[in-house]
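As structure tokens, the structure follows; a few thoughts come after it.
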């Protein structure tokens with residue numbers, strides 16, 4: 001994970017019931033002929049230990065949408081697989 005992804009995962013892991021969280025951000029290049037190219041976040045994937053709960057999954061999704069300014073279809077939250 002990048003430093004930004006780690007920072008976001010740390011914040012999300014503080015949500016009640018979330019537990020361990022890993023975040024992957026997806027980017028697109030923006031800018032035109034007269035503007036410097038910049039990366040814009042276009043999507044996010046969060047894998048959380050507590051995401052088996054619908055309430056936790058909803059809170060994580062809403063937090064990512066708000067924090068990153070993403071639309072609901074641009075965020076996916078999945079349950080983390082238990083380690084053997």
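The values are calculated or read from the model by the stated rules, or taken from the named source; none is laboratory data. These numbers were taken from a predicted model, which means no experiment stands behind them. Cβ: placed from backbone, ideal geometry, glycine included. Neighbour counts: every protein chain shown.
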- Query: Condition test on residue 7, is it surrounded by fewer than 17 Cβ atoms within 10 Å (Cβ to Cβ), at pLDDT 95 or above and not in a loop (DSSP other than H, G, I, E, B)?
  - Reply: yes
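In segment 48-67, what count of residues is obtained for those that are closer than 15 Å to residue 11 by Cβ and surrounded by fewer than 18 Cβ atoms within 10 Å (Cβ to Cβ)? Spell out how you get there, then give the answer.
Restricting attention to segment 48-67, the residues satisfying the condition of being closer than 15 Å to residue 11 by Cβ are 48, 50, 56, 59-67.
From the residues that got through so far, the ones that are surrounded by fewer than 18 Cβ atoms within 10 Å (Cβ to Cβ) too are 62, 65-67.
Counting residues in segment 48-67 that are closer than 15 Å to residue 11 by Cβ and surrounded by fewer than 18 Cβ atoms within 10 Å (Cβ to Cβ) gives 4.
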- Odd one out for residue 57, checked against (1) out of contact with any helix residue (DSSP H, G or I) (no Cβ under 6 Å at 6 or more places or on another chain); (2) assigned to a loop (DSSP other than H, G, I, E, B); (3) within 21 Å of residue 81 (Cβ to Cβ): (2)
- Output for segment 10-47, where each listed residue is at pLDDT 95 or above, in a loop (DSSP other than H, G, I, E, B) and either within 14 Å of the chain's Cα centre (by Cα) or surrounded by fewer than 12 Cβ atoms within 10 Å (Cβ to Cβ) (or both): 13, 14, 15, 16, 18, 20
- Message: Based on this model, can you work out whether residue 51 counts as at pLDDT 95 or above, part of a loop (DSSP other than H, G, I, E, B) and in contact with a helix residue (DSSP H, G or I) (Cβ under 6 Å, 6 or more places away or on another chain)?
- Response: yes
- Please enumerate the residues belonging to segment 68-84 that are buried (at least 19 other Cβ atoms within 10 Å of the Cβ) and at pLDDT below 95. none
